Amino acid sequence: MSHNSFGHLFRVTTWGESHGPAIGCVVDGCPPGIPLAEADIQPYLDRRRPGQSRFVTQRQESDRVRILSGVFEGRTTGTPIALEIANEDQRSRDYAEIAQSFRPGHADITYAWKYGIRDYRGGGRASARETAMRVAAGAIARKVLGEGVVIRGALIQLGRDRISREAWDWAEVERNPFFCPDAAAARRWEQLLAAARKAGSSLGAVVEVVAEGVPPGLGAPVYGKLDADIAAALMGINAVKGVEIGEGFAAAALTGEENADEMRMRPDGTVEFLSNHAGGVLGGISTGQPIVARFAVKPTSSILTPLRSVTAAGEDTEIRTRGRHDPCVGIRAVPVGEAMLALVLADHLLRHRAQNPSALREPRLPIR
């Protein structure tokens with residue numbers, strides 16, 4: 001299996017399966033001299049960790065990360081950084097019934113078609129377990145970006161129920177099990193998800209990720225567009241079926257004057273945008289405004305409701321998935337979305353520095 005790496009100058013390669021002894025990654029291209037310890041990575045993994053509420057999978061994993069290389073005396077050396085997390089709570093027997101059949105909505109059948117073999121234990125390489133390493137690598141990417149860049153995510157829709165934008169409170173995101181910025185919506189979602197779980201079903205979700213403090217100039221025209229790479233990164237998260245930047249699909253309903261982000265000069269000579277419909281990217285290049293992206297996560301395919309399927313022998317069958325699964329995989333996708341955005345921005349920052357080492361951090365005029 002190829003294509004296990006992501007990024008160009010800041011490059012991450014993940015390895016491991018859901019029910020193997022461990023999962024891990026190698027981060028290549030991290031600049032030397034950056035302070036880094038396991039304690040810098042662990043808080044982000046703790047936010048993604050399973051078993052923290054009744055609204056996520058009850059698989060119990062401590063997700064303790066180990067740094068195996070690339071750090072000496074508390075600082076990165078510029079050599080590859082290897083990270084490892086042990087799998088501690090595999091229950092492979094839960095998947096014995098699906099060894100010879102394919103779960104609808106899962107990658108079971110496409111893996112079998114492509115490789116002629118599949119690891120049916122929890123989905124193997126296709127499992128969302130792999131995203132723990134993306135979160136770990138994303139923590140290193142945040143160190144590369146520096147404290148001036150703040151990346152946050154939130155769940156803004158569960159099933160058909162959306163938050164109220166007027167009630168948005170970033171502090172509330174860390175006070176409920178949904179990463180929801182609207183306290184009232186979080187209370188509704190408790191009942192909504194409990195009902196779905198009781199019915200043996202699942203729900204989809206929409207996640208919004210925002211990066212503030214991003215300097216202008218990241219990204220390149222045509223084939224290196226920042227928003228294109230962000231879209232690819234978010235689309236590459238398990239169960240994601242749609243991505244939008246800024247106004248996204250809603251921009252199609254706006255007029256030209258409504259959609260345009262008008263500009264004015266500040267007294268200090270910098271440019272001020274009067275709106276951010278573009279989501280912080282114009283022509284594939286960052287504007288210095290907040291990067292805003294959203295992605296839609298489909299309902300979890302592993303459900304107790306019986307579904308029609310086929311077997312490896314070519315027979316019709318009916319299947320229900322046992323085991324421990326997220327009734328809404330979108331909840332734990334919030335820290336994963338943050339990590340993927342961090343990886344893209346760190347990669348583009350290093351590419352920008354390589355081509356434009358003296359580029360301005362603030363957009364000023366006149367530009368000659």
Using a 1.4 Å probe on heavy atoms of the protein chains only, the accessible area for residue 19 in Å², nearest 10, reads 20 Å²
A correct Karplus calculation of ³J(HN,Hα) over the range 185-194, with 6.51 cos²θ - 1.76 cosθ + 1.60, θ = phi - 60°, whole Hz and x for Gly and Pro, returns 5, 4, 5, 5, 5, 4, 5, 4, 6, 4
With the 8 Å Cα cutoff and a minimum separation of six or more residues, the range 290-358 has a relative contact order in percent of 25 percent
Once phi for every residue in the range 249-260 is put through the Karplus expression 6.51 cos²θ - 1.76 cosθ + 1.60 (θ = phi - 60°), the whole-Hz ³J(HN,Hα) values, with Gly and Pro written as x, are 5, 5, 5, 5, 8, 9, 8, x, 6, 6, 7, 5
Answer in debye to the nearest 20: the dipole magnitude of the chain about its Cα centre, from +1 Lys/Arg and -1 Asp/Glu charges placed on Cβ, is 680 debye
Calculated from DSSP helices alone, with each H run of at least 4 adding -39500 (n - 2.57) and the total divided by the residues of the chain, [θ]222 nm to the nearest 500 comes to -7500 deg cm²/dmol
Taking Cα pairs closer than 8 Å and at least 6 residues apart, the relative contact order of the range 190-287 in percent is 33 percent
Each label sits 7 Å from Cα toward the beta-carbon; between residue 263 and residue 317 the label points are separated, in nm, by 6.0 nm
As straight-line cross-link partners of residue 143, the qualifying aspartates and glutamates (C-alpha separation under 13 Å, not fewer than 8 residues apart within one chain) are 38, 40, 347
By the C-alpha gyration tensor axes a ≥ b ≥ c (rounded if a/c is under 1.5, else prolate when a/b exceeds b/c, else oblate), the shape of the range 224-272 is oblate
With a ≥ b ≥ c from the Cα gyration tensor eigenvalues, square-rooted, and the rule rounded for a/c under 1.5, otherwise prolate when a/b > b/c and oblate otherwise, the range 209-368 is prolate
Ranked by GNM mean-square fluctuation in the chain (Cα springs under 10 Å), the top entry among 143, 225, 241 is 241
On the formula 1/(1 + (r/R0)^6), with r taken between the Cβ atoms of residue 272 and residue 38 and R0 of 35 Å, the FRET efficiency rounded to 0.05 is 0.30
With Cα coordinates, the longest principal axis of the chain makes an angle with the long axis of helix 131-145, in degrees rounded to 10, of 10 degrees
Cβ-Cβ cut-off under 11 Å around residue 282, Lys and Arg +1, Asp and Glu -1: the net charge is -1
Residue separation between residue 165 and residue 75 times 0.36 nm, minus their alpha-carbon distance, gives in nm 28.3 nm
Mean-square fluctuation maximum in Gaussian network of the chain, Cα pairs under 10 Å, restricted to 338, 172, 130, hits 172
In the chain the accessible area split gives carbon plus sulfur, as whole percent at 1.4 Å, a share of 53 percent
Rounded to whole angstrom, the alpha-carbon centroid of the range 274-331 lies from that of the range 112-147 at a distance of 15 Å
In order over the range 342-347: 3J(HN,Hα) from phi, Karplus 6.51/-1.76/1.60, θ = phi - 60°, whole Hz, x for each Gly or Pro, gives 4, 4, 5, 5, 5, 4
For residue 282, the residues 5 or more places away or on another chain with a placed amide H closer than 5 Å to its own amide H are 287
Taking only protein heavy atoms and a 1.4 Å probe, the highest-to-lowest accessible-area order of 6, 179 is 6, 179
Expressed in angstrom, Rg and Dmax over the Cα atoms of the chain are 21.5, 73
Result for the range 185-303: accessible area per residue, probe 1.4 angstrom, in square angstrom, of 46 Å²
Taking only the alpha-carbon positions of the range 247-309 as identical scatterers, the Debye log10 I(q)/I(0) at q = 0.16, 0.19 Å⁻¹ comes out as -0.66, -0.81
Per the rule of 0.36 nm per residue minus the C-alpha distance, extending residue 112 to residue 2 adds in nm 38.0 nm
Placing +1 on each Lys and Arg Cβ and -1 on each Asp and Glu Cβ in the chain, then taking the dipole about the Cα centre, the residue among 106, 238, 135 whose Cα reaches farthest towards the positive end is 106
Violations at 25 Å Cα threshold for listed pairs 114/241; 114/198; 114/298 -> 114/198
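The values are calculated or read from the model by the stated rules, or taken from the named source; none is laboratory data. This one's a predicted model, so the numbers in the text were calculated from it and none came from an experiment. Every residue, glycine as well, gets a Cβ built from its backbone with ideal geometry; the counts of neighbours run over all protein chains shown. What goes into the accessible areas is simple: the full protein's heavy atoms, side chains included, and nothing from ligands, DNA or RNA. Shrake-Rupley method; radii C 1.70, N 1.55, O 1.52, S 1.80 Å.
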